[in-house]
């Protein structure tokens, strides 16, 4: 049934004639949906009958045939109540995908009903305001600026053995990988069991079984149909062994998985990631499994990352390609490679809010879970033998046998990061470093020395008091005080992360170069992120913590309890009251957070959130110790 389906409509067919031919040949495609990405990373979806699309196809392809309003997308400070119209313009330059509902079979064709999803740009008052356009604009700005630098500083190309006139195009490439947790609906995790399994690495790369295996295989096969070229799917470090019923059905599934696929041009790579998430969710759901892309779905257990890979190449007029990051002499990488990673590291404080804009994302970035907490890179122990340091923020990936493989891997993003904005900020920061290197005619030796400098050593581009490179284990070989002194202090809350915009205005300016991030877009992102932060704390985190606190009940009997049991429970109960329960004399931590939120005292909310998380961690530890000391429960 599925072999006759069409999954991709490439840009060569985004014409009136081409589309009419395809849609008439495939009547199972019943709907059209324009996919825009707002500033929070949400994608739009609607069902427009194909008949209407065909009747007005010229407007769909060349105008704003579809509109929505500001209430349906996250564009605060841009789309207002009295000026809310948002136009949706189709992007003709990327792949369009057909999303099939395999649970809804068309009676006439016997095929699943399909929806043609068309990536689009969102316009307000005639100006683009969406995440996809920001990425497209950043790519165009990166290309034109880099080409201008090559033209004005021809010596920058000498190491590659080419001239400016040899260049046909600059090709930015990106790739993401998807980690996620899968479980049987309504089953709850035993955190201690999960933690023990993680330490023992009992699940990492082990064999998948049952409906997890089926869903994984279906996901990879469907990705192949969409031309995404999946490279592997496997178990990640988190999870426990499922239980088997007499019927052979597996229950109590709790596993962490990862799926990887091939890189693409940057805008297409971000669109591909969105498609993969939908494929995974539907494949696992159809097999009776819940999927979560949360960065830290279970406290105390490994979270899910989504490492973002960045590459850059030149396409020459003779058809050849040159990886701009690959070293042309005995070095870790080229001058442009060193300059790019230096630009990211120097400006990461203002990149970080776009990478980790949620409470969940920052809960993942804690010591001990191979999640990056320091603004630092690793290049490898030696030039001759590439190595990989899993404790740093951004690493160099290279293969001595394959010069085209040289790229950077940013380890901080998670499955809910807005990849469009993440990649956009990386390009703008890379360009800042490249400008420095080219206009000052810096060599590989000079850039490597500056990147490898010790704290306190003066530098031209990087900051004097900081270190930016280490080949050591960031968690084991440095104290917390050393990490903060050398690499900066990681933000603990969304508010602390956003304050980087105020602390480092000169760094924020790099995003505005070429009008890539207009002031109103940065402000809209900040407003959206702040609103989500407060809403999550007051309506979700506090509610979840309330249920958890109420579950911590007295378990011992008076007759059998020892003095330690009584003392343990008294400490637990006192902390429960402090966090959750008001009295005439004292307001609870919950109430103080709500009052600070209502008064828009963001700094106070941030401080109280840190106290709340610390208190909940202590409460869990106390209750675990209390339970373990009881013989009868």
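The values are calculated or read from the model by the stated rules, or taken from the named source; none is laboratory data. Fair warning: this is a prediction, and the values are worked out from it, not measured in the lab. In this analysis, Cβ positions are derived from the backbone assuming ideal geometry, glycine residues included, and neighbour counts consider all displayed protein chains.
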>> Looking at residue 623 and the list (1) crowded, with 16+ Cβ neighbours inside 10 Å; (2) touching a residue at least 60 places away in the same chain (Cβ under 8 Å); (3) under 21 Å from residue 294 (Cα atoms), which single condition is not satisfied?
In response: (3)
>> Any residue at all in segment 431-450 that's in the same structural domain as residue 492 (by TED's automatic domain parsing), in contact (Cβ under 8 Å) with a residue 60 or more places away in the chain and over 22 Å from residue 323 (Cα atoms)?
In response: yes
>> Being surrounded by 13 or more Cβ atoms within 10 Å (Cβ to Cβ), over 24 Å from the mean Cα position of the chain (by Cα) and touching a residue at least 12 places away in the same chain (Cβ under 8 Å) narrows it down to one residue among 471, 536; which is it?
In response: 471
> Regarding residue 328, is this residue assigned to a loop (DSSP other than H, G, I, E, B) and without any contact (Cβ under 8 Å) to a residue 12 or more places away in the chain?
Replying inline: no
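Here is a list: 478, 511. Which entry is in the same structural domain as residue 349 (by TED's automatic domain parsing), more than 27 Å from residue 601 (Cα to Cα) and modelled with pLDDT under 95? Steps first, please.
Details: 511 fails: modelled with pLDDT under 95.
That would be 478, the only listed residue that is in the same structural domain as residue 349 (by TED's automatic domain parsing), more than 27 Å from residue 601 (Cα to Cα) and modelled with pLDDT under 95.
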>> Cβ-Cβ under 8 Å, sequence separation 6+ or interchain: first residue in segment 31-56 and over 26 Å from residue 129 (Cα atoms) and not assigned by TED's automatic domain parsing to the domain that holds residue 77, partner modelled with pLDDT under 95 and not in a loop (DSSP other than H, G, I, E, B). Which pairs?
In response: none
> Quick one: which of 391, 382 is free of Cβ contacts under 8 Å to residues at least 60 places away in the same chain and in a loop (DSSP other than H, G, I, E, B)?
Replying inline: 382
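When the residues of segment 50-83 are narrowed to those that are part of a loop (DSSP other than H, G, I, E, B) and in contact with a helix residue (DSSP H, G or I) (Cβ under 6 Å, 6 or more places away or on another chain), which ends up surrounded by the fewest Cβ atoms within 10 Å (Cβ to Cβ)?
Within segment 50-83, the first condition is being part of a loop (DSSP other than H, G, I, E, B), and the residues that meet it are 56, 63-65, 73-79, 81-82.
Next, from what is left, pick out any that are in contact with a helix residue (DSSP H, G or I) (Cβ under 6 Å, 6 or more places away or on another chain): 65, 74-79.
Values: 65: 20, 74: 22, 75: 26, 76: 20, 77: 16, 78: 25, 79: 23.
Among those that are part of a loop (DSSP other than H, G, I, E, B) and in contact with a helix residue (DSSP H, G or I) (Cβ under 6 Å, 6 or more places away or on another chain), it is 77.
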> Out of all the residues in segment 163-171, is one or more over 30 Å from residue 525 (Cα atoms), modelled with pLDDT under 95 and surrounded by 13 or more Cβ atoms within 10 Å (Cβ to Cβ)?
Replying inline: no
> Of all residues in segment 450-459, which are under 32 Å from the mean Cα position of the chain (by Cα) and exposed (fewer than 14 other Cβ atoms within 10 Å of the Cβ)?
Replying inline: 454
>> On the basis of being modelled with pLDDT of 95 or more and either surrounded by 15 or more Cβ atoms within 10 Å (Cβ to Cβ) or under 38 Å from the mean Cα position of the chain (by Cα) (or both), does residue 574 make the cut?
In response: no
> Can you tell me how many residues in segment 24-35 are more than 12 Å from residue 115 (Cβ to Cβ) and in contact with a helix residue (DSSP H, G or I) (Cβ under 6 Å, 6 or more places away or on another chain)?
Replying inline: 0
> (1) assigned to a helix (DSSP H, G or I); (2) closer than 30 Å to residue 414 by Cβ: which one isn't true of residue 41, the others all being true?
Replying inline: (1)
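Tell me whether segment 593-603 contains one or more residues that are surrounded by 13 or more Cβ atoms within 10 Å (Cβ to Cβ), under 30 Å from residue 134 (Cα atoms) and under 24 Å from the mean Cα position of the chain (by Cα). Before you say what the answer is, go through the steps one by one.
Of all residues in segment 593-603, those surrounded by 13 or more Cβ atoms within 10 Å (Cβ to Cβ) come to 593-597, 601-602.
Those still in the list that are under 30 Å from residue 134 (Cα atoms) too: 602.
If we keep only those that are under 24 Å from the mean Cα position of the chain (by Cα) too, we end up with none.
For segment 593-603, residues surrounded by 13 or more Cβ atoms within 10 Å (Cβ to Cβ), under 30 Å from residue 134 (Cα atoms) and under 24 Å from the mean Cα position of the chain (by Cα): absent.
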